[in-house]
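S.K.: Handing you this structure, nothing more for now.
The values are calculated or read from the model by the stated rules, or taken from the named source; none is laboratory data. Because the structure is a prediction, the values reported are computed rather than measured. We place every Cβ from the backbone using ideal geometry, glycine too, and count neighbours over all the protein chains shown.
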Amino acid sequence: MMKPDLSVEFLGIKFRNPILLASGTVGYGYEISNFTDLNTIGGIVTKSLSLKPRKGNAPQRIVETPAGMLNAIGLANVGVEVFMKEKIPFLEKYDTNLICNIAAGSVEEYAECTRILTSSSFIKAFEINVSCPNVKDGGLIFGNDINYVAKITETVKKVSSKPVIVKLSPNVSDIASFALAVKNAGGDAVSAINTLVGTSFNIWSRKPHIKNVTGGLSGPAIKPVALAKVLEISRKTDIPIIGIGGIMNWHDVAEFMIAGASLIQLGTVNFIDPGASAGIITGLEEYCVKQKIEKITQLTASYVI
């Protein structure tokens, strides 16, 4: 059998394989470039960008948990203008797809960030992080309100012709309805899932390990939840999906694609093995050969239930 075709056409963008590096786990690309060749992966998703620079939360803001980690970084970032001026020139050296993750405290800020970033031809698409507190409404999390998710999607689509992917929160009762709201508002795809809410305590001091008290749980511990959410979206809607959540190896990639994902993002594994993508790509090729799969896109939503 010939070498399998791992390329994926997604939202009109050609990805050499379905492997993306997840937002918040590889900085702006430079941080991981000494460990993995960015030319070999499908793409990179930047850490969340806001209109103005953010310092983020006070430490301790990362703590290890069984089969995962909690983080409450607080969306620390350099802001869109510094990103455009100082970070994009480095990324332009690589033959890969750049997706910018955007975080904001208001609908207007989401739109303004998108508008500014749209001017870069190197940016292929936007991933909208709706797991942010709405500063105008007393801290309500945008991603937990279906009307706000729709409004943000619709507003962002008005200021850019580039694909808009909305990163959905798993901390809702019916994630498929949120995915449908994104589609009806003009969104092009969804990423599923963002982190679960978790906490951890020091039993001696009785204080939380995380200064912020709660944080986002990621890693292998959340993989079954993430898979179920991807499957739910796939079965109830036809919006394209990027799968995220505890993906550590090529077996996990195959599972997420079978459940309905077209692309996947590697997150927590980057902290454990920043060069993991190379082995995952090789493993996928070998798997496709064994399964007589000529094109990896045949895997997407191929579940038998």
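S.K.: For residues in region 284-305 being surrounded by fewer than 21 Cβ atoms within 10 Å (Cβ to Cβ) and of a type in the set (A, V, I, L, M, F, W, C), which is modelled with the lowest pLDDT?
M.R.: So the first thing to find is which residues in region 284-305 are surrounded by fewer than 21 Cβ atoms within 10 Å (Cβ to Cβ), and the list is 285-287, 289-295, 297-298, 301-305.
If we keep only those that are of a type in the set (A, V, I, L, M, F, W, C) as well, we get 289, 293, 301, 304-305.
Numbers: 289: 97, 293: 97, 301: 98, 304: 96, 305: 89.
Among residues in region 284-305 that are surrounded by fewer than 21 Cβ atoms within 10 Å (Cβ to Cβ) and of a type in the set (A, V, I, L, M, F, W, C), the one modelled with the lowest pLDDT is 305.
S.K.: Which number in (1) surrounded by fewer than 16 Cβ atoms within 10 Å (Cβ to Cβ); (2) of a type in the set (A, V, I, L, M, F, W, C); (3) touching a Ser or Thr at 6+ places or on another chain (Cβ under 9 Å) marks the one condition that residue 62 misses?
M.R.: Here residue 62 clears every test but (3).
S.K.: Filtering region 51-83 down to residues that are in contact with a strand residue (DSSP E or B) (Cβ under 6 Å, 6 or more places away or on another chain) and part of a loop (DSSP other than H, G, I, E, B), which residue is farthest from residue 29 (Cα to Cα)?
M.R.: 72
S.K.: Right, something else. Restrict the check to region 84-103 and report whether at least one residue is in contact (Cβ under 8 Å) with a residue 12 or more places away in the chain, in a loop (DSSP other than H, G, I, E, B) and touching a Cys at 6+ places or on another chain (Cβ under 7 Å). Spell out the reasoning first.
M.R.: Pass one, region 84-103, residues in contact (Cβ under 8 Å) with a residue 12 or more places away in the chain: 84, 87-88, 90-92, 94-103.
Add one more test, that the residue is in a loop (DSSP other than H, G, I, E, B), and what stays is 92, 94-96, 103.
Next cut, touching a Cys at 6+ places or on another chain (Cβ under 7 Å) only: 103.
Yes, region 84-103 has at least one match.
S.K.: Oh, and also: If you check every pair at least six apart or on different chains, which have Cβ atoms under 7 Å apart with a residue in region 164-189 that is closer than 15 Å to residue 145 by Cβ first and a residue that is buried (at least 19 other Cβ atoms within 10 Å of the Cβ) and of a type in the set (Phe, Trp, Tyr) second?
M.R.: Correct list of pairs: 168/178; 172/178.
S.K.: Restricting to region 253-291, name every residue that is within 18 Å of residue 26 (Cβ to Cβ), in contact (Cβ under 8 Å) with a residue 12 or more places away in the chain and not β-branched (Val, Ile, Thr).
M.R.: Those that are within 18 Å of residue 26 (Cβ to Cβ), in contact (Cβ under 8 Å) with a residue 12 or more places away in the chain and not β-branched (Val, Ile, Thr): 263, 265, 266, 267, 270, 271, 274, 275, 276, 277, 278, 279.
S.K.: Then there's this: Which is under 19 Å from the mean Cα position of the chain (by Cα) and buried (at least 24 other Cβ atoms within 10 Å of the Cβ), of 258, 272, 281, 242? If you could, list the steps in order and put the result at the bottom.
M.R.: Numbers: 258 fails: buried (at least 24 other Cβ atoms within 10 Å of the Cβ); 272 fails: buried (at least 24 other Cβ atoms within 10 Å of the Cβ); 281 fails: buried (at least 24 other Cβ atoms within 10 Å of the Cβ).
Result: 242 is the single residue among 258, 272, 281, 242 that is under 19 Å from the mean Cα position of the chain (by Cα) and buried (at least 24 other Cβ atoms within 10 Å of the Cβ).
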